[in-house]
C-alpha cells in the first residue's frame, strides 16, 4: 500500500482513451489536469485554484493525495485538504467498463459556506449538450462533462466550467459530483 503524497510529488493516472489525469504541486495544494493524447492534444481540463488566503476556494484545496488500485480495474486517487473553516475530500475514479471518470467531492464546514465549487479552465471547443452537461466534439468520439447525482449543477461561461452543489448548510457535509466520459 502506498503512502499519501504531501506537498510535492507529482502523480499521474493514465486513462488511455479517457485521458490522463495528472496532479502537480503548486503553492500549498495540488492542481490537477486531464489531458487527451493524439488528435485531442488541444483538449484539456485544468483545475483553477485559489491562493492560501481564500476561505472558500475556486476548487477543493487538495493538500494530500493517495492512489489506490482495485481488483475490478478501478483506479482511484483520493484527496483531502483544508481552507478556512472547511475540510475537503475528493475521489477521482477511473471506471474503464463505464468509459468514464467519476469525481465525487465533499466539504464539511463548521459555518455555512459562502460558495462551494469545482472550477476548470477548458481547452477545446465546448458546447452545452443538455442541462448540466457540456460536450467537446473531437475525433471519433465526443468528450462530455456532466454534473451527476442529486443536487449537483454545472455551468459553462467562456472557457470556465463550474460544478457545484445546489444547496449548502452549516455544520454539515455537502457533496457534489460529476462525470467525464468519452
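The values are calculated or read from the model by the stated rules, or taken from the named source; none is laboratory data. For clarity, every value in this text was computed on a predicted model and none was experimentally measured. Positions of Cβ are backbone-derived with ideal geometry, glycine not excepted, and every protein chain shown enters the neighbour counts.
Taken over region 159-182, the criterion of being assigned to a loop (DSSP other than H, G, I, E, B) and at pLDDT below 90 is satisfied by 166, 167, 168, 169, 170, 171, 182. Of the set (1) on the phi < 0 side of the Ramachandran plot; (2) in contact with a strand residue (DSSP E or B) (Cβ under 9 Å, 6 or more places away or on another chain); (3) surrounded by fewer than 16 Cβ atoms within 10 Å (Cβ to Cβ), all apply to residue 73 but (1).
For residue 124, indicate whether it is touching a strand residue (DSSP E or B) at 6+ places or on another chain (Cβ under 7 Å) and more than 19 Å from residue 101 (Cβ to Cβ). When the stated conditions are applied, residue 124 does not pass them. Of all residues in region 9-24, those satisfying the criterion of being touching a residue at least 24 places away in the same chain (Cβ under 8 Å) and in a strand (DSSP E or B) are 11, 13, 21, 23. Would region 158-170 turn up any residue that is surrounded by fewer than 21 Cβ atoms within 10 Å (Cβ to Cβ) and free of Cβ contacts under 8 Å to residues at least 12 places away in the same chain? Yes, region 158-170 contains at least one residue that is surrounded by fewer than 21 Cβ atoms within 10 Å (Cβ to Cβ) and free of Cβ contacts under 8 Å to residues at least 12 places away in the same chain.
The criterion of being in a helix (DSSP H, G or I) and either buried (at least 17 other Cβ atoms within 10 Å of the Cβ) or modelled with pLDDT under 90 (or both) does not hold for residue 33.
Among the residues of region 115-134, the one identified as outside any strand (DSSP E or B), touching a residue at least 24 places away in the same chain (Cβ under 8 Å) and surrounded by fewer than 16 Cβ atoms within 10 Å (Cβ to Cβ) is 115.
Scanning region 90-114 for residues that are within 13 Å of the chain's Cα centre (by Cα) and without any contact (Cβ under 8 Å) to a residue 60 or more places away in the chain, we see that the one that is surrounded by the fewest Cβ atoms within 10 Å (Cβ to Cβ) is 91.
Criterion applied to 86, 79 was being at pLDDT 95 or above, surrounded by 12 or more Cβ atoms within 10 Å (Cβ to Cβ) and touching a strand residue (DSSP E or B) at 6+ places or on another chain (Cβ under 8 Å), and the one residue passing it is 79. Within region 143-157, is even one residue under 19 Å from residue 21 (Cβ atoms), touching a helix residue (DSSP H, G or I) at 6+ places or on another chain (Cβ under 8 Å) and in a loop (DSSP other than H, G, I, E, B)? No, because not a single residue in region 143-157 is under 19 Å from residue 21 (Cβ atoms), touching a helix residue (DSSP H, G or I) at 6+ places or on another chain (Cβ under 8 Å) and in a loop (DSSP other than H, G, I, E, B).
When restricted to residues that are more than 13 Å from the chain's Cα centre (by Cα) and either under 21 Å from residue 169 (Cβ atoms) or not in a strand (DSSP E or B) (or both), region 56-75 contains 8.
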